[in-house]
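Just so it is clear, none of the values below were taken in a lab; they were calculated from the coordinates. Fair warning: this is a prediction, and the values are worked out from it, not measured in the lab. Note that each Cβ is placed from the backbone with ideal geometry, even for glycine, and that neighbours are counted across all protein chains shown.
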Amino acid sequence: MRFSILLPTRNGGDFLENCIRSILEQDHDDFELVISNNANTDSTPKIISQFKIDSRVKVVHQDFPISVSKNWTAALQASSGEYVLMMGDDDYLLPNTLRRLDDALEQYSEPDCILYNGYSYVSPKAISDNSDSFWTKEHFHFEPGFGKEGVMDHKQRMDIVFDMFHFKTRIPLNMQTTLFSRRAIEKECDSIFRAPFPDHYLLNALLISADKWVYLPEQLVVVGVSPKSFGHFFYSQKAGAGLDYLGINTHFSGALPGSELLNGMAVWLHDLKIEYPEELKSIEIDWPGYIRRQVYSWLQQYRYGGINKKELISRFTSLSVRNWLRLMVAAVDAESWRRLVRLLRFGKKSQAETLWHGLIPLPGIVNIREFVSWLAKQKDIS
């Protein structure tokens, strides 16, 4: 089996069918679709049953809800492909993607990982009360150094990991935009999908340990944000509910309230230090950078109703002297001020557009499949 496409799902029935069809309609036959049905109570079982006669579809059922890490692991353990691709139930695999990836695997002599880009699609009601859809021309804005297709050398990969310790993200931390080999993940002796955010940990572990990475400057997938994805909870100032939905915890000693993505990042960075002590001995977590970003998240939450003025003041007054000193050190960072100006700027942009820089309104498009059809027409015109 060449490809295993993993599709763990938890009550994503409103979006699941479009995702499944995007996979089964690929023009490449050597793949399996492994769906992990995480004790779903919505329309998911009925939707899955529509595809049970397709020999490429394999379904594993969970009797009780399990965490996102365990659900991903269940799908992986049921799979058998040489290469693994992860999809969310509100994502969409663009036409010809598997064919393109297979060609790249042959061209670059079977690399361990292929990194690529995608589009973002935000469905109605996914971010607070947005009534329209939104999209971005790139799911992730790669820096100029990523402009050319080719093999990523080990120094470049380690530089990316080191920047993570400064909370600077230079690749998308989404499994949907990376294809990885089974042989590479088998090097990870313990559970590879680690809490709290399993994709974040694994991608960085593979940057450190995999033999060969290849970068393709192409959009091969649409990463969806829907009312049932963590992105919905994060951008709608309801991250705590998002953690409950995923069954994860981001607490650590010294954690500050605010962005749970930041807290989760601190957790998996700590885990990386433990697992790769030699490779990461020269780098430590940038705590001033962490404090600065959390304070920014407080202002963001306050502006959009996630916390009130009393809670905002309480958070500032509860900062320790040490954290105030860290915040003063971080204040010289130019990006902090750019983000603050963007947040405080008043104008006609919606909450979604302000919180997610680069979003483009997409009126009249109500689901991700319609978006892909619209996108194809724009390409034909251009």
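Of note:
- Dimensions of region 26-90 from C-alpha coordinates, computed as largest minus smallest value along each principal axis and given longest first, are 33, 25, 19 Å.
- C-alpha long axis of helix 368-381 to longest principal axis of the chain, angle in °: 80 degrees
- Over region 292-333, equivalent-ellipsoid semi-axes from the Cα gyration tensor in Å: 20, 13, 5
- The alpha-carbon of Lys309 sits under 20 angstrom from the alpha-carbons of these lysines, leaving out residues fewer than 8 places away in its chain: Lys238.
- Rounded to 5, the percent of DSSP beta bridges in region 3-231 classed as antiparallel: 35 percent
- A simple charge model with +1 on the Cβ of Lys and Arg, -1 on the Cβ of Asp and Glu and nothing else charged puts the dipole of the chain at about 1660 debye relative to its Cα centre.
- Normalising the average separation of contacting C-alpha pairs (under 8 angstrom, six or more residues apart) by the number of residues puts the relative contact order of region 116-194 at 24 percent.
- Simple Cβ-charge dipole of region 3-231, Lys/Arg +1 and Asp/Glu -1, about Cα centre, in debye nearest 20: 460 debye
- Burial order of peptide ranges 86-92, 271-277, 299-305 (average beta-carbon count within 10 Å, highest first): 86-92, 299-305, 271-277
- Calculated diffusion of region 127-203, Stokes-Einstein form, Kirkwood radius summed over Cα pairs, 37 °C and 0.692 mPa s, µm²/s: 218 µm²/s
- Antiparallel content of DSSP bridges confined to the chain, in %, to 5: 40 percent
- Computed over the chain: relative contact order in percent, which uses C-alpha pairs under 8 Å that are six or more apart: 19 percent
- Start at zero, step by 10 Å, and the Cα-Cα distances of the chain spread as 5, 22, 33, 27, 11, 2, 0 percent across the bins.
- Rel. contact order, % - alpha carbon contacts under 8 angstrom, at least six apart, region 3-231: 27 percent
- Per principal axis, descending, Cα span of region 3-231 in whole Å: 48, 40, 34
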